[in-house]
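So the structure is just underneath, and the comments pick up after that.
The values are calculated or read from the model by the stated rules, or taken from the named source; none is laboratory data. The structure displayed is predicted, hence computed values, not measured ones. Cβ: placed from backbone, ideal geometry, glycine included. Neighbour counts: every protein chain shown. The area values use the complete protein model at the heavy-atom level, side chains included, leaving out ligands, DNA and RNA. Shrake-Rupley method; radii C 1.70, N 1.55, O 1.52, S 1.80 Å.
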Amino acid sequence: MMIGEITQENLYLLLPSKVSCLASMLQEYDNMSIIDAIKKVYKSETYKQMEQENTKMWHLGPVDLYREITHTM
């Protein structure tokens with residue numbers, strides 16, 4: 001493994017910042033509490049896919065992830 005390489009073993013380090021961005025966007029644009037927004041992210045199919053390194057969903061930016069999470073609801 002190269003330094004800086006994202007693997008299934010270290011992917012968990014990136015996910016909290018992605019969840020934070022998504023929850024903030026859901027709170028603002030979908031008018032929900034931050035707690036409900038966080039729960040929605042963690043329960044979503046989008047998050048399940050982000051947890052899998054091979055899907056490369058973790059590589060998407062906040063806007064694309066927001067579109068994905070609201071599209072699959």
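A few remarks follow.
- Summary value for the chain: 33 percent relative contact order, contacts being C-alpha pairs under 8 angstrom separated by 6+ residues.
- Nonpolar atom fraction for the stretch 1-70, defined as the carbon and sulfur part of the 1.4 Å probe accessible area, stands at 56 percent.
- Average accessible area per residue (Å²) across the chain - probe 1.4 Å, nucleic acids and ligands excluded: 68
- The value for the chain of Rg(Cα) / (2.2 N^0.38 Å) is 1.10.
- Cβ charges +1 (Lys, Arg) and -1 (Asp, Glu), total dipole of the chain, debye: 140
- Given their separation in residues at 0.36 nm each and the Cα-Cα distance between them, CYS21 and VAL63 gain 14.2 nm when the chain is fully extended.
- These residues, THR7, THR46, go from largest to smallest accessible area, 1.4 Å probe, as THR7, THR46.
- Tilt relative to the chain, helix 34-43 - C-alpha long axis, 0 to 90 degrees, to 10: 50
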